[in-house]
Amino acid sequence: MKRDTQLSRAGRAHHGTRSVNASVNRASTILAGTAHELYNRPDGTPLYGRFGTDSQNALRHALCEMQKADYCALAPSGLSAMTLTAIAEVKAGGHLLASDSLYGPTRMFLSDTVTRWGIDVEYYDPRIGAGIRDRLKQNTQLVFCESPGSLTFEVQDIPAITKAAAKVGARVMVDDTWSAGLNANMLDLGADYAAQSLTKYMGGHSDVIMGAVVARGDAARRLKDAEWRMGFNVSPDDAFLVLRGLRTLALRFEKSAATSLEIAQRLAEHSAVSAVIHPARPDHPDYAIYQRDFTAPAGVFAIEFPGWDIAQSERFLDALKIFGLGFSWGGYESLAVHCDPQLRRQFRSRRDGALIRLAIGLEDVEDLWADLEQAIKASA
Ligand SMILES: Cc1ncc(COP(=O)(O)O)c(C=O)c1O
């Protein structure tokens, strides 16, 4: 089945007299028919609200179908999807390798919380590729990747990393939010876990916060156990909203990505800009990996303005009229943020001036371009 057909059909029944969409079933208690059934529900029958009812289960199934996974854990936020994966894998005395490009709060969880459990957390350069073999130890339990990095957009060589990790028995997880699990399949590339913030493209309308992790085989079993023990729960209404977003995901992705590449090209030709950092451009240092591992781009990228200080970045952002100023991305509306106040890096990729991230929405390309042009002028 082709991708677009799958997006339309995934996670729902196609026969019988029923609504097209999963119902929103608000439930804590789900009554059993008999005392025997309290502990022996027929397979697939809901047991208790926290384990999911119609819309949550439909979303889980849809995400498993899309990524050919055996299990999908839903988490109350993208961040908690990342933390759940670490919880599923690490134990005291272990060693964890994490990409230096990780989303800030994920990094804080690893550095401030996971280390308190007696786990040694070390960061690696996201461009390390097969060189990760020199950083792996006999007690490495998890390699925590994010590809591309959400501010600096390094694309990691996941097949090389997973191959090296397998030699010491370490698992690999990838925060794969940029591709939404649609434009790349990190499990096919060898990762044990692929996790996404569904808040971004999947939800797509800036009105819901949720995350998901998918896995196959033994990792799927460990993931399910960890989810169960953590007591994670997402609301049936939010699951319904994410499912609704999933149905139009490809269309929105295509428009946002096409506009982003056009804007990126115009910015690359602009005299005020020193670099455009978009994984789907041939001038990106990891373009070959992007081309090998991804089927299509997303519409989030960064630009560098040489010589700009924070004050000039703020003047630029304040002059924008169509781009909103705010965190997150993947919604229908374009957003801009300056990244320097939140960048925490051990291995600093060479940069020159201010780093601004643009998340391109569904507006007309000419309106977005006119907005950026006038804001660059106004920032001078
Ligand atoms: C790459 C990445 N991962 C995870 C998250 C966290 O997602 P959420 O806001 O849904 O917790 C974000 C949020 O911006 C992100 O950019």
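For K68 and Q6 in one chain, what is 0.36 nm times their gap in residues minus the Cα-Cα distance, to one decimal in nm?
Details: separation 62, 0.36 × 62 = 22.32 nm, distance 1.16 nm.
So the extension gain works out to 21.2 nm.
Counting only residues 5 or more places away or on other chains, whose amide H sits under 5 Å from the amide H of V172 once H atoms are built in the peptide plane?
Close amide H contacts, sequence-distant or interchain: V143, D192, Y193.
Rounded, prolate or oblate: which fits segment 237-334 when a ≥ b ≥ c are the square roots of the eigenvalues of the alpha-carbon gyration tensor, with rounded for a/c under 1.5 and prolate only if a/b beats b/c? Walk me through the intermediate numbers first.
Working: a/c = 2.48, a/b = 1.29, b/c = 1.91.
The shape class here is oblate.
Taking the Cα centroid of segment 286-329 and of segment 73-120, what is the distance between the two, rounded to the nearest whole Å?
Cα centres, segment 286-329 to segment 73-120: 26 Å.
What size of dipole, in debye to the nearest 20, comes out for the chain about its Cα centre when the only charges are +1 on Lys and Arg C-beta atoms and -1 on Asp and Glu C-beta atoms? Write down the numbers at each step before the final one.
Working: 42 positive and 45 negative charges, 241 e Å.
Dipole magnitude for the chain comes out near 1160 debye.
Just to verify a number: FRET efficiency for D367 and R116, C-beta to C-beta distance, R0 = 41 Å, to 0.05? Don't jump to the answer; show the numbers that get you there.
On the way: r = 49 Å, r/R0 = 1.18.
Using R0 = 41 Å, I get an efficiency of 0.25.
Starting from the Cα of N40, step 7 Å along the direction of its Cβ; do the same at T295; then give the gap between the two resulting points in nm.
Inter-label distance under the simple model: 4.4 nm.
Positive end of the dipole of segment 85-226, charges at C-beta (+1 Lys, Arg; -1 Asp, Glu), about the Cα centre: which of G204, Q138, V214 has its Cα farthest in that direction?
Q138
Tell me, what is the per residue accessible area of segment 56-235 in Å², probe radius 1.4 Å?
Numbers: 6010 Å² over 180 residues.
Accessible area per residue: 33 Å².
Using a Förster radius of 22 Å, what is the FRET efficiency between K224 and A27 based on their Cβ-Cβ separation? Nearest 0.05, please.
On the way: r = 20 Å, r/R0 = 0.92.
Taking R0 as 22 Å, the efficiency between K224 and A27 is 0.65.
Assuming 0.36 nm per residue, please report the length gained on full extension of the stretch K137 to D309 beyond their Cα-Cα distance.
Working: separation 172, 0.36 × 172 = 61.92 nm, distance 4.07 nm.
Length difference between fully extended and current span is 57.8 nm.
Which value in nm describes the separation of the simple spin-label points at H270 and K321, placed 7 Å from the Cα toward the beta carbon?
For H270 paired with K321, the spin-label model returns 1.6 nm.
At 222 nm, what value in deg cm²/dmol follows for the chain if DSSP H runs of at least 4 each add -39500 (n - 2.57) and the sum is divided by all its residues, to the nearest 500? It would help to have the intermediate numbers written out before the result.
On the way: 12 runs with 131 residues, N = 380.
One gets -10500 deg cm²/dmol as the mean residue ellipticity at 222 nm.
Say the dipole of the chain comes from +1 at the beta carbon of Lys and Arg and -1 at that of Asp and Glu; which of L189, A319, H36 then lies farthest toward its positive end?
In the chain, that residue is H36.
How large a share of the accessible area of segment 59-199, in percent, is made up of carbon and sulfur atoms when the probe is 1.4 Å and the other protein chains stay in place? Mind showing how you got there, number by number?
Details: 2170 of 4310 Å².
Carbon and sulfur: 50 percent of the exposed surface of segment 59-199.
Can you quote the Å³ per residue value for the convex hull of the Cα atoms in the chain, rounded to an integer? List each step's numbers first, then the result.
On the way: hull volume 54.9 nm³, N = 380.
Here the figure is 144 Å³ per residue.
The values are calculated or read from the model by the stated rules, or taken from the named source; none is laboratory data. Please read all numbers here as calculations on a predicted model, not as lab measurements. When we count neighbours, we look across all protein chains shown, and the Cβ atoms used for this are built from the backbone with ideal geometry, even at glycine. Surface accessibility is based on the protein's heavy atoms, side chains included, excluding ligands, DNA and RNA. Shrake-Rupley method; radii C 1.70, N 1.55, O 1.52, S 1.80 Å.
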